[in-house]
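Only one structure is covered here, and it is reproduced in the block below.
The values are calculated or read from the model by the stated rules, or taken from the named source; none is laboratory data. Quantities reported herein were computed from a predicted structural model and do not represent experimental measurements. Neighbour counts are summed over all protein chains in view; Cβ atoms, including those assigned to glycine, are modelled from backbone coordinates with ideal geometry.
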Amino acid sequence: MKVLVVSGFLGAGKTTFIRKLISRSTERLAVLENEFGRTDVDGQIISADSGADVIDLREGCVCCTKSSELHASVITIENTVSPDLLIVEPSGVGALGNVLRILKKIEYERISVLPPVTVVDAESFYQNMNLFHDVCADQLRYSSTVVISRPEHPDPELFAGIRDEILKINPEAKVLDRHYSECSDEWWNGLINPHDGTVMSGDGECEGLQLDSITVRNCSVPSPGALLWILESVLRGEFGFIVRAKGIIPAGQDWIRFDVVNGRVSVEGCGGEKGLTAECVFIGRNIDRQKISDCLRSQYLVESPFDFLSGMNAAGRSVRF
């Protein structure tokens, strides 16, 4: 069984990249996810898309507190599911060097660790490197291939600057010179069957990033407009310093998938995907858990956003969306 680690900071686009990899591969594969928080949003998306086996490790980071479970899960998957390829998606705040160090300990004739891939969001690259330098630099330092996830057609000067910064950290990295959606079958096959199988492993110095999270399940909002209003409140900092938010939630008659990362909101319908579970996760610092929970479980919003976020007022001046 080959093991490919796909790393990248929160919101970089790892799941989208993995979905594309699955669609381009002819191998029998499984995905081992380490979601940040008690949620399985990405696992639902991948499974609905491809039907691939998705195994989830929650409530901890595989690079540190969940390292023993990573050991056991990989060995169990090899012994039971036995796919040709296991894609490991660590938490976005995890240290890639530590993940590789853990995996190398269980590598033997039936488990081989492939050169890892790191996904980078060009639009938030410099901000993330500034705010979360240690983790972002670690993910680049131990990566063999670095791909740009968004935008699909980055400004050439921006791309050149990012490429130079990456190569300062890891001069041996292969930085893809275009968006991966434009790559040939040969390139995708090279990730799974590389000519050079050298994989570096970390020394344990980077312990990952300590952030807080809240997961809300069995949630709903009365309409897509209500959801957008809540997400705009996230961007304004009404719920604390939110680094990343994502979820699948019913909004009136529609099911909506949303992402919030680096000042951007993305929403799309997912009503055609069966068996979805409503759950949302918010990751950051100084999170106002009660406000978030109230918003995602309320069927009403009051006239003033300030009043709503402060709690339903005594006069009960609420209006339905």
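General remarks:
- Looking across 89, 109, one residue alone is touching a helix residue (DSSP H, G or I) at 6+ places or on another chain (Cβ under 8 Å) and in the same structural domain as residue 136 (by TED's automatic domain parsing). It is 89.
- Within the range 118-136, being surrounded by fewer than 18 Cβ atoms within 10 Å (Cβ to Cβ) and within 21 Å of residue 103 (Cβ to Cβ) holds for one residue alone: 134.
- Annotation: residue 161 fulfils all but one of (1) modelled with pLDDT of 90 or more; (2) surrounded by fewer than 18 Cβ atoms within 10 Å (Cβ to Cβ); (3) more than 16 Å from residue 140 (Cα to Cα); the unmet one is (3).
Okay, residues lined up against (1) at pLDDT 65 or above; (2) more than 27 Å from residue 127 (Cα to Cα); (3) aliphatic (A, V, I, L, M):
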position	(1), (2), (3)
8	yes, no, no
28	yes, yes, no
54	yes, yes, yes
89	yes, no, no
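- Index of the failed condition, residue 115 passing every other in (1) surrounded by fewer than 24 Cβ atoms within 10 Å (Cβ to Cβ); (2) part of a helix (DSSP H, G or I): (2)
- Listed by position, the strands (runs of 3 or more DSSP E) enclosed by the range 238-281 that each have at least 2 residues that are surrounded by 21 or more Cβ atoms within 10 Å (Cβ to Cβ) and assigned by TED's automatic domain parsing to the domain that holds residue 216 are 241-251, 254-261.
- When the range 95-112 is limited to residues that are of a type in the set (Lys, Arg) and either farther than 17 Å from residue 78 by Cβ or not in a helix (DSSP H, G or I) (or both), the one that is farthest from the chain's Cα centre (by Cα) turns out to be 110.
- If you filter the range 124-170 down to residues that are in a strand (DSSP E or B) and either in contact (Cβ under 8 Å) with a residue 40 or more places away in the chain or touching a Gly at 6+ places or on another chain (Cβ under 7 Å) (or both), you find that the one that is nearest to residue 190 (Cα to Cα) is 145.
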